[in-house]
Every structure is written in structure tokens, then in C-alpha cells.
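J.: I'd like to ask some things about the structure below.
The values are calculated or read from the model by the stated rules, or taken from the named source; none is laboratory data. Since the model is a prediction, treat every value here as computed from it, not as a measurement. Every residue, glycine as well, gets a Cβ built from its backbone with ideal geometry; the counts of neighbours run over all protein chains shown.
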């Protein structure tokens, strides 16, 4: 597995995912988000979501599309 040796974040969209999750009505916990993702076929647990949100975990394009589906946004919206 690739390791980022610059001690930089491993993704740029984790903070946006966290903001989108907290802006959901009603607010959504990381565990609830994991449940929603599992319902659409993406097997992520609460710990993986926490690591994505804080930038410690890479995120795949498949995962990114699943987040967009749950949040009902377009992929480009996650990078804005």
C-alpha cells in the first residue's frame, strides 16, 4: 500500500464529507453514515469514515461516488 511520506493528508475531500454529514437533517453520526453506505452496497465501518474525515485514509473513486449518492450531490460538489 502506498504511504504518503510527506505527513500530508491522504485525501482532500474528507473535511467536506465531514461537513456534509454534520449538515444532514437530522444530523448523522459516523455510524449512521456507515449504515447508509452499507445499504447501497459499500462496506465501510465507522472507523473507516473517521479516518477518511480526518485525512488519514485514502478514498477510492467507488467510495467517493457512494458518498455522493448518500448526500445526493454530484462528485464535483465534494471538491468545491
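J.: Specify the residue that is nearest to residue 14 (Cα to Cα); the eligible residues are those in segment 40-59 that are free of Cβ contacts under 8 Å to residues at least 40 places away in the same chain and within 10 Å of the chain's Cα centre (by Cα).
T.: In this case the residue turns out to be 53.
J.: Report whether or not residue 37 is in contact (Cβ under 8 Å) with a residue 12 or more places away in the chain and either in contact with a strand residue (DSSP E or B) (Cβ under 7 Å, 6 or more places away or on another chain) or over 21 Å from residue 9 (Cα atoms) (or both).
T.: Yes.
The rows are residues; the columns are (1) assigned to a loop (DSSP other than H, G, I, E, B); (2) in contact with a helix residue (DSSP H, G or I) (Cβ under 9 Å, 6 or more places away or on another chain); (3) surrounded by 18 or more Cβ atoms within 10 Å (Cβ to Cβ).
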site	(1), (2), (3)
15	no, yes, no
32	no, yes, no
49	no, yes, yes
64	no, yes, no
67	no, yes, yes
80	yes, yes, no
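J.: Now for a different question. Starting from residues that are in contact with a helix residue (DSSP H, G or I) (Cβ under 7 Å, 6 or more places away or on another chain) and outside any helix (DSSP H, G or I), keep the ones in segment 51-61 and report whichever is surrounded by the fewest Cβ atoms within 10 Å (Cβ to Cβ).
T.: 54
J.: List the pairs whose first member sits in segment 68-80 and is within 14 Å of residue 23 (Cβ to Cβ), whose second member is loosely packed, with under 12 Cβ neighbours inside 10 Å and at pLDDT 95 or above, and whose Cβ atoms are under 8 Å apart, counting only residues at least 6 apart or on separate chains?
T.: 70/40
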